[in-house]
Amino acid sequence: MPRSVLLSGGCGFVGSHLVDRLLRRGDLERLVVVDNLWTGLRDNIAHVADPRFSLRIADAESFSDSQAFDEIIHLASPASPVWYMREPARTIRANIGGALNLLSMLRPGGRFCFASTSEVYGDPLVSPQPENYRGSVDCTGPRSSYDESKRCTEALLFEEQRVRGLDVRVVRLFNTYGPRTRIDDGRAVSNFVSQALTTGILTVYGDGLQSRSWGYVDDIVDGLERFFWRDSISHRGPLNLGNNSEISVLDIAKFVSSLVPGSRIEHHAPVPQDPTNRCPDLTLARQVLPGWEATTSYQDGIRRTFEWFKHQIAAGGKSAATG
Ligand code: NAD
Ligand code: UDP
């Protein structure tokens, strides 16, 4: 059956990769991307020339369309702490306001997919984090606009499922990196790579012993594709998606630095309430998506990201890395 799909945040890092996957679908009749270009870039989808595709520059929370959609995928939200901490109200509007508005555009019986985050676990007290871990989030802390708006949007969707049987799919993405991240995005891998290629000084916040589980975008988008539309599954989420090899920030910085002789690491003040650790428990993901695994090592993924950034910077990428 031909399907019409609405994707919010499709000019962003993850969203633009999802656009490429969606356009491979034989049953896709229409793909509308709504994006306000806050953190996303038109360049990320400049290669798309498909008559089924259209881009609407608008806020997810106020966008409207004359037709309802069979599937809605809600990604509109900054994911970089640098960006969401700068505009907390706008972050809350994108996530919660976006979900409330987009829900009204879903045709009866349609499916609503949402990219939540490992941030719902806050600074976790258990490791790895299974989906039933309720987290350790400070609702008045500096990351709260992001953490709490993701948690509230999850609440909205699961309540809509409980009360009126809405078909939802909710993933909790762990740190994802790769090509098409902005040069001035500010997240660890993209920042280290662009810093290594420009100033030669990699800024590690604190001692760098805090850890994350770094997922290469192709692996993560494989999981999203399978969970959002490809595999026939009854589980609605939440579902962790990520790479469960946990590596310290300092080791990531050292590896990036090793790619550019002469570059060096500089330690800066720690970031307030920076989570000390993060690692997905993938037991459920392996059951729900048999055969899916994030297999790209951080060394391979970072080398690929590095090559992409090198070309971008050589081609005149304007913005500086965040120092
Ligand atoms: P990104 O910042 O690159 O992309 C977000 C996109 O949403 C951008 O194109 C931006 O312009 C758009 N946007 C923001 N607010 C909007 C609004 N109100 N209306 C319309 N468009 C809006 O971030 P990303 O890394 O691609 O993340 C995509 C999604 O995945 C986000 O919801 C994020 O919370 C989630 N996520 C990402 C990661 C990660 O590591 N990349 C981890 C956990 C969750
Ligand atoms: N980080 C860092 N230097 C940077 C950017 C990030 O040391 O230039 C650290 C940051 O403090 C955190 C980790 O890297 O401990 C991951 O940060 P990121 O912003 O990528 O994601 P998040 O904090 O949301 O997991």
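The values are calculated or read from the model by the stated rules, or taken from the named source; none is laboratory data. Every value quoted in this text rests on a predicted model; they were computed, and no experiment measured them. Reconstructed Cβ throughout: ideal geometry from the backbone, glycine too, with neighbour counts over all protein chains shown. Areas reflect the complete protein model, heavy atoms only, side chains present, ligands, DNA and RNA absent. Shrake-Rupley method; radii C 1.70, N 1.55, O 1.52, S 1.80 Å.
Listing for the model above:
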{"quantity": "Top-ranked residue in segment 178-202 [being touching a strand residue (DSSP E or B) at 6+ places or on another chain (Cβ under 9 Å) and open to solvent by 10 Å² or more (accessible area, probe 1.4 Å); ranked as farthest from ligand 2 (Cβ to nearest atom)]", "calculated": "Gly200"}
{"quantity": "Subset of segment 217-243 [of a type in the set (Phe, Trp, Tyr) and open to solvent by less than 10 Å² (accessible area, probe 1.4 Å)]", "calculated": "Phe227, Phe228"}
{"quantity": "Members of segment 170-190 found to be within 7 Å of ligand 1 (Cβ to nearest atom) and polar (S, T, N, Q), listed by number", "calculated": "Asn175, Thr176, Thr181"}
{"quantity": "Qualifying residue in segment 263-284 (condition: in contact with a His (Cβ under 9 Å, 6 or more places away or on another chain) and not small (Gly, Ala, Ser))", "calculated": "yes"}
{"quantity": "Long-range neighbours under 8 Å by Cβ, at least six apart or interchain, first residue at pLDDT 95 or above and open to solvent by 70 Å² or more (accessible area, probe 1.4 Å) within segment 292-318, second part of a helix (DSSP H, G or I) and hydrophobic (A, V, I, L, M, F, W, C)", "calculated": "Lys310/Leu197"}
{"quantity": "Residue within segment 33-40 that is aromatic (Phe, Trp, Tyr), at negative phi and near ligand 1 (Cβ under 10 Å from one of its atoms) present", "calculated": "yes"}
{"quantity": "Any hit, segment 55-63, residues being in contact with a strand residue (DSSP E or B) (Cβ under 7 Å, 6 or more places away or on another chain), farther than 26 Å from Gly178 by Cβ and among the acidic types (Asp, Glu)", "calculated": "no"}
{"quantity": "In segment 152-169, the residues that are surrounded by 21 or more Cβ atoms within 10 Å (Cβ to Cβ) and either out of contact with any helix residue (DSSP H, G or I) (no Cβ under 6 Å at 6 or more places or on another chain) or farther than 20 Å from Ile220 by Cα (or both)", "calculated": "Thr153, Glu154, Leu157"}
{"quantity": "Selected residue (criterion: farthest from Leu202 (Cα to Cα)) from residues of segment 244-287 that are open to solvent by 20 Å² or more (accessible area, probe 1.4 Å) and of a type in the set (Val, Ile, Thr)", "calculated": "Thr283"}
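Yes/no matrix, rows are residues, columns are (1) aliphatic (A, V, I, L, M); (2) touching a residue at least 24 places away in the same chain (Cβ under 8 Å); (3) within 16 Å of ligand 2 (Cβ to nearest atom):
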position: Ala68; (1), (2), (3): yes, yes, no
position: Ile72; (1), (2), (3): yes, yes, no
position: Arg90; (1), (2), (3): no, yes, no
position: Gly110; (1), (2), (3): no, yes, no
position: Leu125; (1), (2), (3): yes, no, no
position: Pro128; (1), (2), (3): no, yes, yes
